[in-house]
Amino acid sequence: MLENQAVSPAEPNAGDAPARNAAFATTHWSVVLAAGQSQTPDADQALARLCQTYWLPIYSFLRRHGCAPEDAEDLTQGFFARLLAKDYFSHANPDRGRFRTFLLSSLQHFLADAHDRQSAAKRGGGKRPLTLDLDGAETALRQQPIDALTPERLYEKRWALTLLEVVLDRLGEDFAHAGRIEFFDELKGYVWGEQTTTPYRDIAARFGITENAVRATVHRLRKRFRELLRLEIAHTVTQPGEIDDEIRHLAAVLRG
């Protein structure tokens, strides 16, 4: 019985697949680009979701660019207030439409405007369109050896790490709902990147299951991780054929 409980959270519910696919379909960057010609609720929601997910790379760029934390917050909020108002979409090129590159290019244009820099507190009419975890952002920056990184390279690395964090959070949702998040926390190092992990036999002993059950759960997690990674990247590109290229790019960024 415990073996079944351990393995089942990693299995996506087949009955939920249509609903999940429909949700993903409304959060693609391509939906936002299409809205450059007209306002649509789906595009507004998609853009807000993308901005809320990927604000940290922008904040990291600004901090590495020399901005103090409070100035970086003002600039981040002001930039996204303008972006959410759709000021930039007429300049977006669908042929080079990856959200990652569009966002950085738009920020650089934003920073080039001296008036924008001098009136940070007034941007967006004082609105704060995003909820920013600044304490978490500063902690993440302190953990990164950023001295050798340009603002652009730090942006790229923070983008890749943010994407992975989003995917891992989603991967753990089924475990959290089943009250098994501690089990997932023990296993996620086997899914992505951590250099040290608890041996399978120790995990099995802790949770009262067999080593084979742990191994099978890890196998399912890795498969589901790959699926969710591709789905998350699909939000930020305009063509399915760009997904593999983006995965290779982000893997190279993380290795660098």
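The values are calculated or read from the model by the stated rules, or taken from the named source; none is laboratory data. Note that the structure is predicted; figures quoted are calculated from it, not measured. Using ideal geometry, Cβ is built from the backbone for each residue, glycine included, and neighbour counts are taken over all protein chains shown.
Tabulated data
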item	result
The range 231-253: number of residues that are acidic (Asp, Glu) and touching a helix residue (DSSP H, G or I) at 6+ places or on another chain (Cβ under 6 Å)	2
Positions within the range 146-181 being without any contact (Cβ under 8 Å) to a residue 24 or more places away in the chain and more than 30 Å from Gly66 (Cβ to Cβ), in sequence order	Asp169, Gly172, Glu173, Ala176, Gly179, Ile181
Ala176 vs. criteria surrounded by fewer than 17 Cβ atoms within 10 Å (Cβ to Cβ) and among the aliphatic types (A, V, I, L, M)	yes
Qualifying positions in the range 198-221 - free of Cβ contacts under 8 Å to residues at least 60 places away in the same chain and either hydrophobic (A, V, I, L, M, F, W, C) or under 26 Å from Leu50 (Cβ atoms) (or both)	Ile203, Ala204, Ala205, Val218
Residues of the range 140-173 that turn out to be in a helix (DSSP H, G or I), surrounded by fewer than 14 Cβ atoms within 10 Å (Cβ to Cβ) and at pLDDT below 75, as a count	2
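Conditions tested, residue by residue: (1) in a loop (DSSP other than H, G, I, E, B); (2) of a type in the set (A, V, I, L, M); (3) touching a Cys at 6+ places or on another chain (Cβ under 8 Å); (4) at pLDDT below 75.
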residue	(1), (2), (3), (4)
Gln77	no, no, no, no
Asp87	yes, no, no, yes
Ser90	no, no, no, yes
Ser105	no, no, no, no
Gln108	no, no, no, no
